[in-house]
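Have a look at the structure below before the remarks.
All of the numbers you see were taken from the coordinates with simple rules; none came from a lab. Computed from a predicted structure; not experimentally measured. We place every Cβ from the backbone using ideal geometry, glycine too, and count neighbours over all the protein chains shown.
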Amino acid sequence: MQRVTRAALPALRKSGRALIVNISSIMGRIVLPYSATYTATRYAVEGLSESYRYELSGVGVTGSSAQADLFEAIGQKDLLMLKGLD
């Protein structure tokens, strides 16, 4: 993700107005048991997107992340099982 963004950045800056969208997950905002590695990577995507938003705003480029809904990511039945509600 970082390599692609860095490669595209000169053209994005030149355009004067661009949006970088990184695909993330709601797991970048919440934590469930036994998901440490996955959650850590999603937090990293969220942090990177937010950093782009601040660091590149002066050149007309902004960063954002699109988060999949938790029910889409792991399924409603699985979520209820994790909460002990199945």
| How far apart, in nm, are two points set 7 Å out from the Cα along the Cα-to-Cβ line at TYR54 and at ARG3? | 2.8 nm
| task | Mind listing the long-range amide H neighbours of ILE20? Cut-off is under 5 Å, sequence gap 5 or more, other chains count too, H placed in the peptide plane at 1.01 Å from N. | result | THR62, GLY63, SER64
| field | Under the Karplus curve 6.51 cos²θ - 1.76 cosθ + 1.60, θ = phi - 60°, whole-Hz ³J(HN,Hα) for the stretch 40-53, x wherever Gly or Pro sits | value | 4, 5, 5, 4, 4, 4, 4, x, 5, 4, 5, 4, 4, 4
| query | Non-local amide H neighbours of GLN67 (under 5 Å, H modeled in plane, Pro and chain starts lacking H): which ones? | reply | SER24
| said: Please list, in order, the residues from the stretch 19-50 whose amide nitrogen is less than 14 Å from a point placed 7 Å along the Cα→Cβ vector of ALA66. | reply: 19-26
| task | Using a/c under 1.5 as the rounded threshold, could you call the stretch 14-53 rounded, prolate or oblate? The axes a ≥ b ≥ c are square roots of the C-alpha gyration tensor eigenvalues, and prolate needs a/b larger than b/c, oblate otherwise. | result | prolate
